[in-house]
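In what follows, a structure is listed as structure tokens, so that the remarks can point back to it.
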Amino acid sequence: MEQKKIINPLLSKNDNGVSLAETVTQLTGANAESKDKAASFRKEKSDWHAIGWKKFTEGLEDYTGVKGQGAAVWLPTEVKKQIEQLRANSERNIPIRALAAAMIVAFMEEHKKELSSL
């Protein structure tokens, strides 16, 4: 009686001529590459977040205590309520107009390119 040869399933080829081991290697290699890209994106996002926050806090300092009338800007009631809520939860007494101005300027500085193409 002839004895059957045992075939390692990791090394046997599928219809496309690729073994399970090769498929796993390809997938894990691609996965490692995508993890590297994701880590790089998170770092860029983190850096952007830190820069945006710094610009916001600098703007807050610049616009707090500014005298004069300023100019009126229409905000939807819900947006104004959100800004008022931020102010109410703040540990400092921050004027609403300074808070709004700092937010707007920080956003505009961060997105100059995108805003120029509007």
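The values are calculated or read from the model by the stated rules, or taken from the named source; none is laboratory data. Computed from a predicted model, the values in this text were never measured in an experiment. Glycine gets a Cβ as well: all are built from the backbone with ideal geometry, and neighbour counts include every protein chain shown. In case anyone asks, the SASA skips ligands and DNA or RNA and just uses the protein heavy atoms, side chains included. Shrake-Rupley method; radii C 1.70, N 1.55, O 1.52, S 1.80 Å.
Structure summary
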item	result
K45 being at pLDDT 90 or above and either surrounded by 10 or more Cβ atoms within 10 Å (Cβ to Cβ) or charged (D, E, K, R) (or both)	no
Qualifying residue in region 64-74 (condition: modelled with pLDDT of 90 or more, open to solvent by 50 Å² or more (accessible area, probe 1.4 Å) and of a type outside the set (S, T, N, Q))	yes
Filtered residues of region 85-110 (kept if of a type outside the set (A, V, I, L, M), in a helix (DSSP H, G or I) and out of contact with any Lys or Arg (no Cβ under 8 Å at 6 or more places or on another chain))	Q85, R87, N89, R97, F107
